[in-house]
1. With respect to ASP289, is the statement that it is under 25 Å from PHE204 (Cβ atoms), away from ligand 2 (no atom under 16 Å from the Cβ) and acidic (Asp, Glu) true?
2. Exactly one condition in (1) more than 16 Å from ligand 3 (Cβ to nearest atom); (2) modelled with pLDDT of 95 or more is false for LYS237; which is it?
3. Just name the residue that is nearest to the chain's Cα centre (by Cα) out of those in region 381-405 that are without any contact (Cβ under 8 Å) to a residue 24 or more places away in the chain and loosely packed, with under 11 Cβ neighbours inside 10 Å.
4. Residue by residue through region 360-378, note down the ones that are touching a strand residue (DSSP E or B) at 6+ places or on another chain (Cβ under 8 Å), in contact (Cβ under 8 Å) with a residue 24 or more places away in the chain and not β-branched (Val, Ile, Thr).
5. Filter region 104-120 down to the residues that are in contact with a helix residue (DSSP H, G or I) (Cβ under 8 Å, 6 or more places away or on another chain) and either within 14 Å of ligand 2 (Cβ to nearest atom) or hydroxyl-bearing (Ser, Thr, Tyr) (or both) and list them by number.
6. Is there a residue in region 22-42 that is in contact (Cβ under 8 Å) with a residue 24 or more places away in the chain, of a type in the set (Gly, Ala, Ser), within 16 Å of ligand 2 (Cβ to nearest atom) and in contact with a strand residue (DSSP E or B) (Cβ under 8 Å, 6 or more places away or on another chain)?
7. Tell me which strands (runs of 3 or more DSSP E) are completely within region 1-103 and hold 3 or more residues being surrounded by fewer than 19 Cβ atoms within 10 Å (Cβ to Cβ), or say none if there are none.
8. Suppose the filter is touching a Pro at 6+ places or on another chain (Cβ under 9 Å), of a type in the set (A, V, I, L, M, F, W, C) and assigned by TED's automatic domain parsing to the domain that holds ARG194; does ILE101 pass it?
Amino acid sequence: MYKLVKIANDISWIGVNDFEKERFENYIPIPNGVSYNSYYIDDEKTCIIDTVDANTTSTFVQKLKEILNGRQLDYVVINHVEPDHSNGLHEVLKYYPAVKIIGNNKSLGMLKAFDSNFPVENFIAVKEGDEIDLGKHKLTFAMIPMVHWPESMVTYDKEDKILFSNDAFGGFGGVYGGIFDDEVDLSFYKSEMRKYYSNIIGKFGAQVVNAIKKLSKLEIKYICPAHGILWRKDIGKIISIYERWAKFEPETKGVVIIYGSMYGNTAKMAEIIGLQLRECGITDIRIYDSSKTDPADVISRIWKYKGLIIGSCAHNFAVYPKIVPILHKLENYGIKNKYFGIFGNMMWSGGGVKDLKEFAAKLPGLELVAEPVEAQGAPKEADIEKLKQIAIKMAEKLNADKISD
Ligand SMILES: Cc1cc2nc3c(=O)[nH]c(=O)nc-3n(C[C@H](O)[C@H](O)[C@H](O)COP(=O)(O)O)c2cc1C
Ligand SMILES: [Fe+2]
Ligand SMILES: [Fe+2]
């Protein structure tokens, strides 16, 4: 028997932790695992909200069978067709072939595209505001397009005032023991959530802001996302954190320095900047070697801090290859609200700093605080002075800023 976690009288968490998957969407490392949250509503009609990914389906179905205890499953709501939530549908259909699958017109097309045997006759397409009556619980649906897929929607239970928020408000990190925000180490889960937000949802800030605006009309007692911990203690706080992330608003005055270096000269330059930042009173500093730290962790930290400094040696007349994925993602997102600095190293005719300047020119939300610095080999006195200027100017800007939690 699995221990089922009650959320409200008739509602339980029947999600599954995945500690096996190395990389989410096959590229984002998840050393702390991820949960696929599914919820069971026990009413005149039985209903589950979302399923789980393929590798955890057998555990999930076992939980489902236990909780149904011989009853039929009447409905499964698919808030999001991405396979981490819809893969479990195959197995659910095996045991409950008559189950009605609730989605919307866009999700139907995607479900059919993923599975040519998808039972269209079981499908119910809901529209914005439609209601499904389970007995005591009435479920309504709201579309949240591009948070983070076109068909994304949320489900709201009027009875217990629960928002089943899909990937919105979700985070990485398996759900160990505690499941609610007031039962866990919140700083750990907040950082897992930032990593999820910045890497998965980050591009769609404007759509997140729209979704929050729409959903704020609902009275919400619980936010139950499709990944990570559930929110009930301070709903207003979590919504405001999320909204700030969506608006690319940093949380602190910290500075991320990310560099690419083959022989250590660019690395040395990064250290010089870091030390000078400290001299100027900046305490939150992270220096990452792009050859060591995964871009997903760098992106997450960039989201948190107001200052961003990128350094690169020259490589075949261009930026260092390990820096490329970070630039690609930041450009794809249209990153903004950052004080920015550039440095690098060269031997022949350069390339790294040139590419970084071109990158900055494409992004008006990056405010260059000082002249880019490019050294040839070991940084000389004049280079060191210029590197310190990047730090001094960055710190001046940050110290003048009012950033508060
Ligand atoms: C494969 C390769 C390609 C390079 N391409 C360039 C280049 O296009 N332009 C340049 O000025 N230097 C080029 N260099 C030289 C390095 O950028 C230069 O030695 C620099 O000092 C390395 O900085 P680092 O110590 O931070 O690795 C190249 C070196 C290698 C190994
Ligand atoms: Fe998703
Ligand atoms: Fe997801």
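The values are calculated or read from the model by the stated rules, or taken from the named source; none is laboratory data. This structure is a prediction, so every number in the text was calculated from the model and none was measured. Note that we place each Cβ from the backbone using ideal geometry, even for glycine, and neighbour counts take in every protein chain shown.
1. When the stated conditions are applied, ASP289 does not pass them.
2. Here LYS237 meets the rest and fails (2).
3. Filtering first and then ranking leaves SER404.
4. GLY365, LEU366, GLU367, LEU368, ALA370, PRO372, GLU374, ALA375, GLN376, GLY377
5. PHE114
6. The answer is yes; a qualifying residue exists.
7. 5-8
8. yes
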